[in-house]
Structure formats: structure tokens, C-alpha cells
1. Rounded to a whole number of µm²/s, how large is the Stokes-Einstein D of the stretch 268-367 at 4 °C and 1.567 mPa s, given Rh as the Kirkwood radius over C-alpha pairs?
2. Give me the 1.4 Å probe accessible area per residue for the stretch 129-222, excluding ligands and nucleic acids, in Å².
3. Using the Kirkwood formula over every pair of different C-alpha atoms, what hydrodynamic radius in Å results for the stretch 149-197?
4. Between His316 and Val208, what is the FRET efficiency for a Förster distance of 30 Å, r being their Cβ-Cβ separation, to the nearest 0.05?
5. Where does the Debye-calculated log10 I(q)/I(0) of the stretch 84-175 sit at q = 0.15, 0.22, 0.25 Å⁻¹, using only Cα point scatterers of equal weight, no solvent?
6. Arrange the peptides 294-306, 65-77, 47-59 so that the one whose residues have, on average, the most other Cβ atoms within 10 Å appears first.
7. Using modelled backbone amide H atoms (1.01 Å from N, in-plane), which distant-in-sequence or interchain residues come within less than 5 Å of Leu222's amide H?
8. Quick check on the stretch 63-220: what does the Kirkwood estimate of hydrodynamic radius come out to from the alpha carbon pairs, in Å?
Amino acid sequence: MPVCSPRWNNDSVNNHCMSDPLEQAPTTQTDIAPHAVTKRGVSWPGLVALAALAISLWQWWDNRQQYSNLQQELARRLSEADGAMKQNAVTVQQANDTAKGAQINLAALEGKFADSQNQQVALEAMYQELSKSRDEWSLTEIEQILSIAGQQLQLAGNVPGALAALQAADHRLQRIDKPQLTSLRKVIDQDIQKLKALPFVDIVGLSVKLDNLISGIDAMPLISDARPSQNDTPPAQEPTGNTWNHWTSGMWNEIRQLVRIQHMDQPEAPLLSPSQSYFLRENLRLRLLSARLALLSHDETTFKADLRAARDWLNHYFDTANRNVRNDDAVLRQLIDSSISIQLPDVSGSLDAVRNYKLTARETSTQ
């Protein structure tokens, strides 16, 4: 009878039967029982069942161990996941708190940004208003400067003063530095070139000479104030003879001192009283002042007429033998020979251009 022993391989049972040499195989079919029995009285199905039961128990135990290990691993991982979830929840809560704080800060920043934008808009509006006001003030100041330049040129004939005023106005426009003002600067530059093209007349030097003449009028001697020198008086004769002759000679000498006889080169020269001498000097001073005003206004006709009248009075009433009088006469002759006639240009174009620009700017701003 063959003996079967179980052999395990990959969780499967393979029955390998080996023939027992002590037992002989049946020779006929009648010798085989319906239910074959092993030598020990155990049947093959029982062995297979036992083997299967053992295998099942072993697999159950192994599966139980694996299941236990899986449970432990799952519990560990669940614990770790729970801890991670709690940590994530804390992190998320912190992130939410941070996000809420950031939102609050963002809202505050947005409010501040909106306020800053409003302030910027207000500042820009104020700057535009101040810029317009500043430009308007500058143009008003330039208008006044140009008006003064025209007055200096037309009323006083002060070419250097008018030129300086025009240059100051051009400098103010240059400081504003706007392309719209280029046309104004062109007009002002044209007037500046007109004044520079005029011939030079030393008004200041001529005016100083007239001032020196006016200040020296009171020191000039009149012909009527001249006194004979002591050498012109004949020496007194020594009395000779008796006492009577001595007395009469002395009396005669005293009488001669009361009367003075003077030989004059111009017998027609008038003898002036003190009041007449005062008015003569004042009238001469007025003539020179009138000549000075004519000089400032470039009125050559009036200037030379006043100087000729003053020179005639100087030669007619004053002592020409005096050195100061001769010097004043030479100065008057030089002034009469000087030419002060200048054809003054019209510089009102600059003033009109500024006024028209201001009017145009106001109309544009109101629209």
C-alpha cells in the first residue's frame, strides 16, 4: 500500500506517494476494499482534511498576525495622520488668522491709499491753481516793468533805464520757462534791439556838469561886486608947510576915500542891488535846471536855448576876469556843442503783447 506524506510548497499541499516495499500491491480488483485504509487505520481523506485544517489554521494564524500588524500600522498611521491633521488644523487656523490680519491691514492700506489719492488730487488741483496764480502774478509784474520802461523812455528819455527794464522783463519770462511765452520774448527782444541800436549819449556825464554849474552859481562874482585893488589907489601926499596945510591935506585925503572912480571895459554893465543880484542868480539856476530837464527828455532845442541864455547872462552880469567864471563859460560852450537829439523808438509793442496774452489766458481758463 502506498504511503503518502504531505509536502508544503507556496501555501499548497502536494501529496507525494511512495510505495512501501513491505507491502504488496493487490493483484486483483477483488482484493481492493471499497474504502482503502492505511496501515495505522487512517484514511487518505482524513489525512488530507487534517492537512487542510492545519494549513487553514496556519493561514488563519498568519492572517491574524498580518491583520494585527496591519491594524497596528493602520492605527499608527491614523495617529500620525490625526496628529498631522491637528497640526494642519493649527497651521490653517494660524493661516486664517494671518489672512484675516492681512485683510484688515490691506483694508487699512486701501483706505490710506484712497486718502493719499484724494490728497494727491487735491494737491494737484492746488498746484495747478497756484501755478496759474503764480504765472498771473509774474505776468502782472512783467506788465508793470514794461510800463515803467515806456514811461522812462517817453517821459524822461532814459534809454539805459528802459533797456534795463526790458531786460529784466525778459529775464522773468525766462525763469517761467513755458513754450507759450516764446512769442512774448520775441517781441521784447525786438524792443531791446531797437534800444541797443540808438546812438550813445552820455546823459549822466552832461547832467553831472550841469549839476556842478548849478552848485557853483552862488560863488561866481558879479561885475558890480568887483573892488579896485590897493595899488590903484594913488598914494597920499605928505603934507608940507604949516599946520593949516597939514589939516586940509588930511581932510582932502579922507574925502577922496569916499568917492571911487573905476575904469571898466564894459561901461554898460549894470550895477545891481543885493536883491537884484539874488534874483539874477536864481534865474540863472532855473535856466540850468530847465536845461537839465530838456537833457533828460532829449529836447535838444530847449536844452541849447536855455544854455545860450545862461551863457549870455554869465558874460553880461558876472566878472569874466574870474577864473571860476571862465571855467563855467567853457563848460557851457561844450554843453551847447553837444548833440542830445535821439529819435526814440516805440516800445509799447511789448506791453501790448503781455496784456493780450493775459486776456487770452483768462478767457481760456474761464472756458
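1. On the way: Rh = 17.1 Å.
Taking Rh from Cα pairs, D becomes 76 µm²/s.
2. Working: 5360 Å² over 94 residues.
Accessible area per residue, the stretch 129-222: 57 Å².
3. Mean inverse Cα-Cα distance, inverted, gives 11.1 Å.
4. 0.70
5. Debye curve over Cα of the stretch 84-175, log10 I(q)/I(0) at q = 0.15, 0.22, 0.25 Å⁻¹: -0.76, -1.00, -1.10.
6. Values: 294-306: 18.3, 65-77: 10.5, 47-59: 12.5.
Those peptides, ordered most packed to least, come out 294-306, 47-59, 65-77.
7. Those qualifying (amide H under 5 Å, at least 5 residues apart or on another chain) are Asp319.
8. One decimal place: 24.6 Å for the Kirkwood radius.
The values are calculated or read from the model by the stated rules, or taken from the named source; none is laboratory data. If you're wondering where the values come from, they're calculated on a predicted model, not measured in any experiment. Positions of Cβ are generated from backbone atoms using ideal geometry, with glycine treated the same way; all protein chains shown enter the neighbour counts. When the accessible area is computed, the model is the full protein with side chains, heavy atoms only, and any ligands, DNA or RNA have been set aside. Shrake-Rupley method; radii C 1.70, N 1.55, O 1.52, S 1.80 Å.
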